[in-house]
Amino acid sequence: MADWSIEEAERVYGVSQWGGGYFQIGENGNVHATPVPDDPSIRIDFKSVIEEIRQEGVQFPVVVRFHDILRSQVASLNKTFRSTIEEAQYTGQYQGVYPVKVNQMREVVEEIVDAGTPFNYGLEAGSKAELLTVLAMNTNEDSLTILNGYKDDEFMRLALLGRKLGRKVVVVVEKYSELLLLVKTAKELNIDPIIGVRAKMTVKGRGKWESSGGERAKFGLTITEIIKTARYLEEQGMADCLKLLHFHIGSQLTDIRAVKEAMTEGARIYADLHKMGFPLDYVDVGGGLGIDYDGSNSTNESSRNYSMQEYVADVVYGMKEMCDLEGVPHPNLVSESGRAITAHHSCVVTEIVGEIKSNSASIDTSEKEGEHFFLKNMRELADTFESQTNMHEVYNDASQYKEQALDAFKLRVITLEELAKIETLYWEIMARLQVWYRQEEYVPEELQELDYSLSSQYLCNFSVFQSAADTWAIDQLLPVVPLTRLNEKPSVNCSLVDITCDSDGKIDQFTIGREITDVLPMHPLRKDESYYVGLFLTGAYQDVMGDMHNLFGRLNEVHIFSYDDDPEDFYIEEVVKGSSVEDVLNIMQYNPRAMASDVKRFIDRKVSSGVINPREGVRWTDFYEDCLSGYTYLKP
């Protein structure tokens, strides 16, 4: 193991690069969480977390939530804005909001609201259900409630209910017809609304969501419509209700230059509206603060080339410079950063339950009388491998013999057993070629695929579609790391496959250093020893976007809080049970009770006819009912 170290493990898995200061590889080879930046002595060993989860009888896979990380990110964003505002001598304040669409789980929203109370940190909603949620959750009258998305009459009335309750509820107008409805409803109810307008920016973001900006953006008003909106409110005697300018150029901005360009355009719109007689109180710069999923600190789609500090500085200084140039007051700043708040706090922990290899099976390939010359050719190639001087030719010959054998089998020229022997010899030759070329500087293009062809697939007890939907839908990179044994050299190149009956249920894009690869080095599985991997940065969107493909439901959740007085530095505060089979069947409009009754009736008939004895019939009935109430994932 002289050629392996914790530093080498860090190079391969990049934990400190994407971990945001919250995750590290410990000297014992286990991944550690450090959820309290102000107290680095608190180190939570994932192995200890796994052991306690098992002792609690919680079945894997599980979502592990570190609520201290969630609270830390809320504090970090707000403190960064406050310190930057003070440093810049900016006269406005920061009043951020958390967009609940990023993760609507009650426990998450509650924690964010509580952690944000000292900062008057508010919530953002983009649908009627989310609005109902934030009206109940965001009770701080000094914080903002920002309402985006398309709205109907009921939505407007709920927003005005919030105003009646004394809340700072801001209705952001996305299209001009919404303004007419809002004014009509407000006058009918005699309630003064707080109105915002969303500008359709010409600036586009960078990355997967750059279409959020530009003239073809789904949301927002053109400059002409913004002026028309302001003039209409003036006509209606409601000009003083227009308080906020909102813009958004995309989620997960990869390039800081997009932020700078957006601030220039947005600040100019604000300044000119102020000069026209509309002194807005707030400028909402939207979301977009990115996460470095791949640890490359670059403009890759799964990364970003800036820090939180740099992002905040560009927002604050960009607005200040334009306002000072135009001679208008500094507005209060609002941002809707959700991904940066939630991504790090949650990860999926799953067990590897098996290994799939294309060349794992073999049969005796010894010579038999009368065998076909295709088999003889392949055996001769294998037997003379060590004496060959042109390994590229060996590869070409082996590939040709295999293709010829497949055609011959289809034409009934060779037998199934002969084909199996040819395949066994072929994979033996490929494995030897792989070893040989590892020592070579130049590898022909065709042979570069050998590492992937000969790699394993580790079967994970989870569903990609439920727990990592973005890896399937938009090729989002999420960090995958073995949680233990990182002080051992990984010797198995593999991709991950889930337990769904879908060929897309896999993860085969990983980052090693600054390169994206289709295999990740993992450790060989050991008999009678569990091997767990963590899928990290799943707190943003993955928790709420998963579907029930193959009827795999929500995962069990374990909520972790740090506790310095505990020997392991943590305790499990809560266990939230995931979906049972009965739960997912009910959602799909089945009646599990009726199903159980039907199966019992069928079993009873077999008992009556003597096919099943009565005691066995009871056991089968109980077994079926137990399965209905059980977890949707595999049992260990």
Any residue in the range 362-380 that is assigned to a loop (DSSP other than H, G, I, E, B), of a type in the set (Lys, Arg) and more than 23 Å from SER495 (Cβ to Cβ)?
yes
Odd one out for THR471 among (1) in a loop (DSSP other than H, G, I, E, B); (2) β-branched (Val, Ile, Thr); (3) free of Cβ contacts under 8 Å to residues at least 40 places away in the same chain:
(1)
Any chance the range 474-483 includes a residue that's polar (S, T, N, Q), buried (at least 23 other Cβ atoms within 10 Å of the Cβ) and part of a loop (DSSP other than H, G, I, E, B)?
no
For the condition within 19 Å of PHE23 (Cα to Cα) and assigned to a helix (DSSP H, G or I), what is the one hit in ILE69, ILE42, ILE85?
ILE69
Quick test for you: out of ALA129, ALA125, ALA136, ALA75, pick the one residue that is touching a residue at least 12 places away in the same chain (Cβ under 8 Å) and either more than 22 Å from SER562 (Cα to Cα) or in contact with a Lys or Arg (Cβ under 8 Å, 6 or more places away or on another chain) (or both).
ALA125
Restricting attention to the range 99-115, does a residue exist that is in contact with a Phe, Trp or Tyr (Cβ under 6 Å, 6 or more places away or on another chain) and of a type outside the set (A, V, I, L, M)?
no
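Residue by residue, here is whether (1) touching a Leu at 6+ places or on another chain (Cβ under 8 Å); (2) part of a strand (DSSP E or B) holds:
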site: ASN305; (1), (2): no, no
site: GLN309; (1), (2): no, no
site: MET319; (1), (2): yes, no
site: ASP324; (1), (2): no, no
site: GLU336; (1), (2): no, no
site: THR342; (1), (2): yes, no
site: GLU351; (1), (2): no, yes
site: GLU355; (1), (2): yes, yes
Of the residues SER296, SER358, which is out of contact with any Pro (no Cβ under 7 Å at 6 or more places or on another chain), within 30 Å of PRO61 (Cβ to Cβ), hydroxyl-bearing (Ser, Thr, Tyr) and crowded, with 16+ Cβ neighbours inside 10 Å?
SER296
Checking PHE570 against (1) surrounded by fewer than 22 Cβ atoms within 10 Å (Cβ to Cβ); (2) touching a Ser or Thr at 6+ places or on another chain (Cβ under 6 Å); (3) more than 17 Å from ILE499 (Cα to Cα): exactly one of these is not met. Which one?
(1)
Those residues of the range 383-434 which are assigned to a helix (DSSP H, G or I) and basic (Lys, Arg) amount to LYS402, LYS410, LYS421, ARG432
Would you mind telling me which numbered condition in (1) surrounded by 13 or more Cβ atoms within 10 Å (Cβ to Cβ); (2) over 30 Å from TYR531 (Cα atoms); (3) modelled with pLDDT under 90 GLU418 fails?
(3)
Checklist (1) part of a loop (DSSP other than H, G, I, E, B); (2) at positive phi applied to ALA540, failing item:
(2)
Working carefully through the options LEU406, LEU381, find the one that is touching a Leu at 6+ places or on another chain (Cβ under 8 Å) and within 13 Å of TRP427 (Cα to Cα).
LEU381
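Every residue, every condition in (1) touching a Gly at 6+ places or on another chain (Cβ under 9 Å); (2) surrounded by fewer than 24 Cβ atoms within 10 Å (Cβ to Cβ); (3) touching a residue at least 12 places away in the same chain (Cβ under 8 Å), yes or no:
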| position | (1), (2), (3) |
| --- | --- |
| LYS260 | yes, yes, yes |
| ARG268 | no, yes, yes |
| MET276 | no, yes, yes |
| PRO279 | no, yes, yes |
| VAL283 | yes, no, yes |
| ALA313 | no, yes, yes |
Which residue, of GLY534, GLY513, GLY505, is closer than 21 Å to ASP292 by Cβ, buried (at least 18 other Cβ atoms within 10 Å of the Cβ) and of a type in the set (Gly, Ala, Ser)?
GLY534
Extreme residue, nearest to the chain's Cα centre (by Cα), among residues of the range 187-207 that are outside any strand (DSSP E or B) and modelled with pLDDT of 95 or more:
PRO193
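The values are calculated or read from the model by the stated rules, or taken from the named source; none is laboratory data. Note that the structure is predicted; figures quoted are calculated from it, not measured. Here Cβ is always computed from backbone atoms with ideal geometry, including for glycine, and neighbour counts include all displayed protein chains.
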